[in-house]
Every structure is written in structure tokens, then in C-alpha cells.
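Peer 1: Have a look at the structure that comes next, please.
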């Protein structure tokens, strides 16, 4: 019973993370222009890098999200997910330090403002990811 509960809990975490990235990618695809403006608002990247980010990130999120959904190269996708979330969190922290009043860009036009709440959300996602990384060899 205890092992089954652990297995189902890990499955739920995997599905949650998967759907977060798939939804995030789909929302960005709805308005790449809006996503580009959100990325540019961080005032960190030159225009050519902003364009690369706008082209690459949604596809990467979609690929990783489906990788988690279908358990394809699970550990590699979890590591990539973790790296992306750490980078996203660093960007939010930098925006806060700069005092920027901007949207994070996480979910396209449905994004929320950068701030402490966004950092806490990201840290929860990172924590879920770390749990899966710890147990994915055992369970999957």
C-alpha cells in the first residue's frame, strides 16, 4: 500500500510538471509577439537573442512537457526542466532587483507579474522536479 501511494504520488507530480510546460508552450505559441515583448521587458538580452529565445523556448517546453508525459528519456527531460526553471527563476530575481514592473512571460498573455509569489511558485516546481529526479530511477 505504501509503495503504491508513493508511486501514484510521483505519477501525479510528473503529470503536473508535464502539463505546466505543455500549457506554457501552447500559451506562448498563441502570441509569440507578446512573448517577445515579455522577454524584451527583462532588459537583459539583445534583440537577436530575444528572437532566438522566442523561437526556441516554447518548442523546448513542449518537447520536455511531452517527454515527461510519455516518460521519454525521463531523467534527461527532468534535468532539462530543472535547468530551465532555475534560469527562469534567476530572471525573475534579476527583474525584481532592477525594480521592473513586468509580467513574467511564463504563460503568454496569461502571465503574472514578477515578484515573490512567482519565485515561490517556481521554487515549488523546482522542488517537485527534484523529488522526481531523486526517485525516478527507483520508480520508473
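Readers should treat all values here as calculations from the given coordinates under stated rules, not as data from a laboratory. The structure presented is a predicted model; accordingly, all values stated were derived computationally and were not measured. Note that we place each Cβ from the backbone using ideal geometry, even for glycine, and neighbour counts take in every protein chain shown.
Peer 1: Just the Cα atoms of the chain: what Rg and Dmax do they give in Å?
Peer 2: Every Cα atom of the chain included, Rg and Dmax give 15.7, 54 Å.
Peer 1: Output the 0 to 90 degree angle, nearest 10, between the alpha-carbon long axis of helix 2-30 and the longest principal axis computed from the alpha carbons of the chain.
Peer 2: Helix 2-30 and the main axis of the chain meet at about 20 degrees.
Peer 1: Another question about this same structure. How much length is gained on full extension from residue 33 to residue 47, taking 0.36 nm per residue of separation minus their Cα-Cα distance?
Peer 2: 3.8 nm
Peer 1: Rounded to the nearest 0.05, what FRET efficiency do residue 96 and residue 2 have when you use their Cβ-Cβ distance and R0 = 35 Å?
Peer 2: It comes to 0.30.
Peer 1: Note down the nm distance, to one decimal, between modelled labels 7 Å out along Cα→Cβ at residue 126 and at residue 60.
Peer 2: 1.6 nm
Peer 1: Taking only DSSP H segments of four or more residues, each worth -39500 (n - 2.57), what value at 222 nm results for the chain once the sum is divided by all its residues, to the nearest 500 deg cm²/dmol?
Peer 2: After summing the helix terms and dividing by residue count, I get -27500 deg cm²/dmol.
Peer 1: Can you tell me how much longer the chain between residue 75 and residue 26 gets when fully stretched, taken as 0.36 nm per residue apart minus their C-alpha distance, in nm with one decimal?
Peer 2: 15.3 nm
Peer 1: Next question. Using alpha-carbon pairs under 8 Å, 6+ residues apart, how would you state the relative contact order of the stretch 1-115 in percent?
Peer 2: 34 percent
Peer 1: Normalised by the number of residues in the stretch 51-140, what is the relative contact order in percent for Cα pairs under 8 Å and 6+ residues apart?
Peer 2: Once normalised by length, the contact order is 26 percent.
Peer 1: In the stretch 81-130, if every C-alpha pair distance is counted and binned at 5 Å from zero, what percent goes to each bin?
Peer 2: 5, 23, 32, 25, 12, 3
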